[in-house]
Structure formats: C-alpha cells, structure tokens
Amino acid sequence: MGELRHGRVVPQVESLLRERLRRKEWKPGERLPNEVALAAELGVGRSSVREAVRLLARDGLLDVRHGSGTFVAEAPAESGEVGQLLRRARLLEVYEVRRALEVEAARLAAHRVRPEDIERLRAGLRKRQERQEDGPAMFVDADLEFHRAIVELSGNALLLNLFLAALPLLRETLIEMVRHETGLPDVSCAHADLLGALERGDSDAAVKATVDNLETVLSGVREAVAQ
C-alpha cells in the first residue's frame, strides 16, 4: 500500500492512490472503496482522501459520479504515440511559459534576496533532492515549491500572480512528464547554480542557471517531437 511520511498529506495520498491505479489494483470501470473506507485504510482524514480523488479525477484517472461513487476511468482514446505526442506538445508550451516567468523572477530575486531567504531556499532544495524517490507528485510538489519561493522573492506581485495562475497546469504537466518520459536529464546542478547565484546577488548567473535548467529539458522534448 505504501507508507505516509511526515509532511503534506494530500500529495502523499494522491501518490499512493496513483500508484495503486498504475498497478491496476482497480480495473477500468471498477468502483473504488468509499471515502470513509479509504481514509481508514490510509490512516488519514476524509478531506485528504476527497482532495486526492479530486486531483486524480482532474487528471482523467478517476470518474466521480455523484450519488454513485468514484470509478476508475476508462482508458482514454488517445494512447500510444498519439498520446505521447500530445503530452510533449503541451510540455513545450508549459516550459515556454515557465521560461518567460522564471527567468525574470530569478533576475529580480538576485537583487532582493536576504540571507534568511537563502537558508529557506537551501532547505527547499534539500527537500527537492530528498523527494526524488518519493513518486512523481511529491517530487514535482517539492520542485515547484522551490521555484515558487524564488518567484515570491522577485518582489513583483503581478509576476507571482501569473505564476500562481499557471501553477495547476504546470503541476499536472510536470507530473505527467516525470511519469511518462524516459531519460530525463538531471538538472540538480542547475538548481544548485541558481541558489549559488542568488546567494552572491549575481543576476546574470541566476538568469543563466534558470535558462540552463529549463532549456536542458526543452531541448530534449523539442528533439523528441521533431522525430
């Protein structure tokens, strides 16, 4: 079944349920146990189960039928190469938006970051590293938490609002990327370089590290789509 760790409950419940769906513990069209039963089995509150189910339904994995229960969604029509191509096309668009927002955020943050902010970012980067083996949802949440903190440090409220508006789609797409794409590059060094640049207050280096992080993935996806 998996084991819950300390930290945010909903992403862990989502990850556990997603893994059980992946292992086909419940078949397409089969009804899941109700909220009360799942909450008791996982040792969490009903609200956490409800939110995790909502996220999985949004991703098209579950079908919530009010009055009837929650069912495993039937396999989507778009599968195989077509589905992969559509995922990669959406991933390209999402990363283009990320670049537009996060490059400027890094440049501004380098001028405004304080020592206590660096410690918070360093803790966030450690958490990102620790979550790499904890499933796609938990890893993506830790990664986005790190990047969101940098956007917040830009001091630009409009930039932050734009990032937050894109966050749900960004999260969904990144989880799909981690789950389905093979041979993804390790961009840990680019993240460490970004933190170092911010600590030095070097805006040019912060921009370069951000571009290196995003372009490393973008170039691979562009090449895959072109093929």
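The values are calculated or read from the model by the stated rules, or taken from the named source; none is laboratory data. Quick caveat, the model's predicted, so the values are computed rather than measured. Neighbour counts run over all protein chains shown; Cβ positions are idealised from the backbone, glycine included.
Key figures for this structure:
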item: Total residues in segment 30-66, condition in contact (Cβ under 8 Å) with a residue 12 or more places away in the chain, under 19 Å from P168 (Cα atoms) and assigned to a helix (DSSP H, G or I); result: 10
item: Residue check for V64: of a type in the set (V, I, T) and under 21 Å from P136 (Cα atoms); result: no
item: Flag for L56 being modelled with pLDDT under 90 and either outside the structural domain of L170 (by TED's automatic domain parsing) or not hydrophobic (A, V, I, L, M, F, W, C) (or both); result: yes
item: Scan of segment 125-157 for residues that are assigned to a helix (DSSP H, G or I), buried (at least 21 other Cβ atoms within 10 Å of the Cβ) and more than 14 Å from the chain's Cα centre (by Cα), ordered by number; result: I150, V151, L153
item: Whichever residue in segment 183-202 is of a type in the set (A, V, I, L, M) and under 14 Å from L153 (Cβ atoms) and, among such residues, is surrounded by the most Cβ atoms within 10 Å (Cβ to Cβ); result: L194
